[in-house]
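Since every read-out is calculated from the coordinates, none of them should be taken as a lab result. In this text, all values refer to a predicted model and were calculated from it rather than measured experimentally. Neighbour counts are summed over all protein chains in view; Cβ atoms, including those assigned to glycine, are modelled from backbone coordinates with ideal geometry.
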Amino acid sequence: MLEEAGEEVLGSVLLKASCLPLSFLLVLPAVLLLLLGPPPASAAHEFTVYRMQQYELGGQAYGTRNAVLNTEARTVEADVLSRRCVMMRLKDFSYEQYQKALRQSAGAVVIILPQNMLSVPQDVIRQFMEIEPEMLAMETIVPVYFAEEDKELLSIYEQTQAASASQGSASAAEVLLHTATANGFQMVTSGAQSKAVSDWLITSVEGRLTGLGGEDLPTIVIVAHYDSFGVAPWLSHGADSNGSGVAVLLELARLFSRLYTYKRTHAGYNLLFFASGGGKFNYQGTKRWLEDNLDHTDSSLLQDNVAFVLCLDTLGRGNSIHLHVSKPPKEGTLQHAFLMELELVVAHQFPEVRFSMVHKKINLAEDMLAWEHERFAIRRLPSFTVSHLESHRDSLRNSIMDARARVDPRILTRNTQIIMEALTRVIYNLTEKVAYISCGWFYCEHFVSLFWGGKWGIMIIVIIIIIKPP
């Protein structure tokens with residue numbers, strides 16, 4: 001009897017409810033809040049975010065033009081993303097989802113990166129590396145941030161994802177009820193709106209070892225740019241591109257400084273070492289350095305007798321070494337001699353390494369030069385770039401995924417040894433005097449062994465280069 005009576009009462013309530021005005025349904029969530037009380041609010045969680053690049057180069061704007069964020073969080077599962085902060089995890093990120101958020105005028109985008117990048121599958125990393133340039137090329141007013149995942153941020157993401165997914169299939173009444181009772185997260189940044197830096201100082205460093213002999217000695221220039229680059233500046237470590245190149249440059253400077261200390265090993269070449277800034281911005285530091293040395297001074301090693309310019313770029317991985325040239329070197333030149341020695345050192349001592357010369361003409365119609373040696377080639381200085389990358393379009397050169405773990409200390413040590421041996425044989429004219437000895441570095445019978453730092457010594461240099469200031 002109680003069950004039947006209960007069913008009759010319930011049926012009566014439902015029947016009467018169906019006749020209630022719409023205004024009652026609108027205030028129902030508020031009534032429920034008064035009766036049930038609001039859900040307990042979680043404490044605010046503060047986490048560090050890193051903003052996408054914003055810059056202008058050659059009149060072309062790149063990246064995001066906005067920095068202020070104060071909007072409710074959603075994930076891409078939500079039907080409506082307009083004026084919402086869209087959260088995405090790296091493993092689920094795609095360029096299509098990113099474009100969807102921008103098309104729907106999202107209030108912001110936050111991409112969550114795992115703390116341990118080694119746990120991320122290589123196909124996910126490769127896909128994101130290919131997307132990074134497209135993200136930067138698409139100028140947007142939507143603030144785009146990156147955050148490193150922690151336990152609290154993951155919890156926020158999962159709750160937001162569940163709420164976003166449930167709203168897509170819910171009825172109007174369920175949405176109203178969910179709005180009144182569900183957890184929600186408001187994303188707010190503490191920083192102010194970004195301001196353009198009109199005059200950014202580019203710092204470059206040079207050093208020289210003066211050769212033994214007359215005043216008009218030939219000069220060999222060894223160059224590496226030290227910048228890192230990626231979609232988010234403070235997440236860009238540039239361990240391989242171009243921390244490895246700078247590490248090789250510093251090690252070559254150390255080894256040759258030891259040789260130039262003793263008269264018997266003091267060669268008749270000036271060695272000019274140059275660590276350039278602005279490399280990722282069309283080699284602006286190198287451009288300015290060339291202008292200062294060729295156009296605004298009468299006493300410069302670059303004006304006298306440059307044998308060749310050797311640029312070092314991305315040498316910390318792979319079993320390939322490529323010599324990139326804008327114009328193939330002519331036989332009988334020191335540039336050609338270095339090419340031949342490099343090829344022979346690889347063939348005799350490191351047969352597992354694939355060596356090739358890659359010829360690419362300079363395309364001045366492009367917004368960005370392909371390699372740093374092209375800056376020198378434009379000024380008619382014989383030059384080339386050594387790299388394990390076969391193409392200048394490789395996404396590794398401009399990615400936040402280029403972290404310390406991507407540099408193999410054994411390969412970096414091997415590549416340094418190859419370059420050092422080839423340079424030494426050219427500088428000391430040992431091309432036909434000394435056989436290749438795979439067990440060590442002996443440049444002639446009177447030379448003492450160089451104190452080679454080994455793979456961990458050169459990795460310390462890489463780590464110092466990629467460490468960011470506090």
| query | Restricting to the stretch 205-466, what percent of DSSP beta bridges are antiparallel, rounded to 5? | reply | 30 percent
| note | Bounding extents of the stretch 205-466 in its principal axis frame from Cα atoms, largest first in Å, are 51, 43, 31
| Measuring from label point to label point, each 7 Å out along Cα→Cβ, what is the Lys361 to Glu56 span in nm? | 3.4 nm
| By how many nm would the segment from Arg393 to Thr189 lengthen if fully extended, with 0.36 nm per residue of separation less the alpha-carbon distance? | 70.0 nm
| query | Label-point separation (nm) for Val205 and Asn116, each offset 7 Å from Cα along Cα-to-Cβ? | reply | 3.4 nm
| task | Could you tell me which of Val188, Gln122, Pro133 has its Cα farthest along the dipole of the stretch 49-188 towards the positive end, charges placed at Cβ (Lys, Arg +1; Asp, Glu -1), taken about the Cα centre? | result | Val188
